[in-house]
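The block underneath contains the structure these notes are about, expressed in structure tokens.
Every read-out reported here was derived from the displayed coordinates using simple, explicitly stated rules and does not represent laboratory data. What you see is a predicted model; the values in this text were computed from it and never measured. So basically every Cβ, Gly included, is an ideal-geometry build from the backbone, and we count neighbours across all protein chains shown.
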Amino acid sequence: MFSEFWMNIIASILASLITAYLTSKLKNWWTIRKYKKLTKKKSKLINEYKQVKLYLENRNQYKEFLLIEIIKLIGQFAITAIIVILILFGLFSRSGIESIYLNMLAEFLKLLFFVIPSCFLFLIFDKVSKLEILHLRLKDFTAFENMVKEIVSEDELRDILR
């Protein structure tokens, strides 16, 4: 009973030392991660600001950009539609061959052709939302510029735009 008491004391001292050591390491890691994330977010915002300002100054370049992006989206949607049509018409329906391996391959291809259109649709919706954000920032550029100036200092912004 007496030795059990001392073992508990030693275990609690070790646990508190390990906790104190790990807490400082965790705080350092969290601070570094937070700084890196903030720096990355800041550089992304600055790059977006540059792009929006460029398109605001040169509307023809913005129209070309939109046209190219819309053509890409139509192409992605067409590919998705073709794959879905092939699946609906049963491109991989059973052909009378009773092989386990061929049936497994057919089922795998069905699954693959289900996943690919899903990914394409996700990419299409993601691109459309990014284009919508870009358009809204162009539409109300002063509000976007004020938001950037709240995050980035005026001197830093001037240095970047040179």
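Here is how the numbers come out for the structure above:
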{"item": "Dipole of the chain [Lys/Arg +1, Asp/Glu -1 at C-beta], most positive-end residue of 6, 108, 148", "result": "148"}
{"item": "Anchor residue 72: aspartates and glutamates whose Cα lies under 16 Å away (excluding residues fewer than 8 positions away in-chain)", "result": "64, 126, 132"}
{"item": "The chain: Cα Rg divided by the 2.2 N^0.38 Å rule of thumb", "result": "1.87"}
{"item": "Most fluctuating residue given options 12, 99, 129, as computed from a GNM of the chain linking Cα atoms under 10 Å", "result": "12"}
{"item": "Entries of 63/149; 41/63; 25/149; 63/110 with Cα pairs more than 32 Å apart", "result": "25/149; 63/110"}
{"item": "Selection from 74, 85, 56, by position along the positive dipole direction of the range 46-161 (Cβ)", "result": "85"}
{"item": "Normalised contact order of the range 46-161, rounded percent, pairs of Cα under 8 Å and 6 or more residues apart", "result": "39"}
{"item": "Per-selection Rg to Rh, the range 1-74 - Cα, Kirkwood hydrodynamic radius", "result": "1.58"}
{"item": "Mean Kyte hydropathy of 0.0 or more with a Cα span along the axis of at least 24 Å, helices from DSSP in the chain", "result": "59-88, 100-139"}
